[in-house]
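Scroll down for the structure; my scribbles are underneath it.
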């Protein structure tokens, strides 16, 4: 009887020991797995952070790598201004280098731009300016071409003493829809090769 009790006791103790060992092993395994999961999460977070940073840099880099197109004001100012004669629905009139109609302003005096002294006028009827001397195109009398100073280091082209202007409303070269328009205290006429107003 004592032998059987001892055997049962040993069996119970062995089972407890095995259970304890198994529990310890399980706990250790779970702990290791938890550590691995945490490490993996940390790596994923680091990778995400790295990806976000890379994306942010890439976006910045892309913007920085694409230069903003700019027009050189120096090059524009230095561009030669040619006054030429063009055939339009109003006859042959003076046009600028781009073929746009040139106007005289009846409020001007000989060799004097009055438009620049009227609020808003020059924004609608910009003076034809030049750096250096204007060139005479085909059909234009070079002796009638000249310039006047209009301040700020700018020089306006004149023809037979008339300061010349363009009009911001002209949508295409040779347009004459606004020839004869009245605004800012005067009338705006096109100009022919002899320097006279085209009515």
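The values are calculated or read from the model by the stated rules, or taken from the named source; none is laboratory data. The model shown is predicted, which means the values in this text are computed figures rather than measured ones. Methodologically, a virtual Cβ is constructed for each residue, glycine included, from the backbone with ideal geometry; neighbour enumeration extends over all protein chains shown.
Computed quantities for the displayed model
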| item | result |
| --- | --- |
| Search result, residues across the range 97-126 that are buried (at least 21 other Cβ atoms within 10 Å of the Cβ) and closer than 17 Å to residue 195 by Cβ | 101, 102, 103, 104, 105, 113 |
| Condition met for residue 153 (without any contact (Cβ under 8 Å) to a residue 24 or more places away in the chain, in the same structural domain as residue 109 (by TED's automatic domain parsing) and either exposed (fewer than 15 other Cβ atoms within 10 Å of the Cβ) or at positive phi (or both)) | yes |
| Verdict on residue 173 being surrounded by fewer than 16 Cβ atoms within 10 Å (Cβ to Cβ) and touching a residue at least 60 places away in the same chain (Cβ under 8 Å) | yes |
